[in-house]
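The values are calculated or read from the model by the stated rules, or taken from the named source; none is laboratory data. Not measured: the values here are computed from a predicted model. All Cβ positions, glycine included, derive from the backbone under ideal geometry; neighbour counts span all protein chains shown.
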């Protein structure tokens, strides 16, 4: 729970953001990145390369793309372009999250920093919790939240890389699905018809579209499922009545 979340004033939003993240969000990313670190150790990628990739790329699909190309011996430019296209799916997250966390108009350098820190875990928590926080406290709260899970992910990748000997191979791969499962549970907890419809449509559409394109199937399926869920769930009608 978030203390003083519904009040007009939050004296320590940065501290509250850290506290909110130090639980399932940080633990979920720590464990998921443990699997990624163990995977990279197993395929022979250098620790500095793996750690730098997590620090700079900060997106599991793009990280998996990077590791696969690095293992195959692809050139630097090929990896750079592939990672950029993998991360294009994050643009809708940034576009929908920024208006919820900033109190001022116009694009600031702080927005670019926040966009770099944004992950699906942070994005989902913004959608679920932002409306219950004072507007002037949201940026500090979610920046602290994002930094906490980011540091946790870096720590998890480090532990997984050097602790691979103590992790069974099957378990190391299984750890990668914990973050998507955690996000699924959060979305289910949002008791709205539009959320349920989006999940159901996405569960059918995304796997089918990813057979057509691994890079674009998730993005198109996710955007399409979310849009259809919103429209079929009557979200546009509720907005019109406000």
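Quick notes
- Taken across the stretch 89-103, residues that are more than 20 Å from residue 29 (Cβ to Cβ), exposed (fewer than 13 other Cβ atoms within 10 Å of the Cβ) and within 13 Å of the chain's Cα centre (by Cα) do occur, with at least one present.
- Residues located in the stretch 69-79, provided they are exposed (fewer than 14 other Cβ atoms within 10 Å of the Cβ) and modelled with pLDDT of 75 or more: 71
- In the stretch 74-103, the residues that are under 26 Å from residue 13 (Cβ atoms) reach residues that are in a helix (DSSP H, G or I) and at pLDDT below 75 with C-beta atoms within less than 7 angstrom, at least six apart or across chains, in these pairs: 92/223.
- Residue match in the stretch 100-116 (condition: under 27 Å from residue 41 (Cβ atoms), touching a helix residue (DSSP H, G or I) at 6+ places or on another chain (Cβ under 7 Å), part of a helix (DSSP H, G or I) and in the same structural domain as residue 30 (by TED's automatic domain parsing)): no
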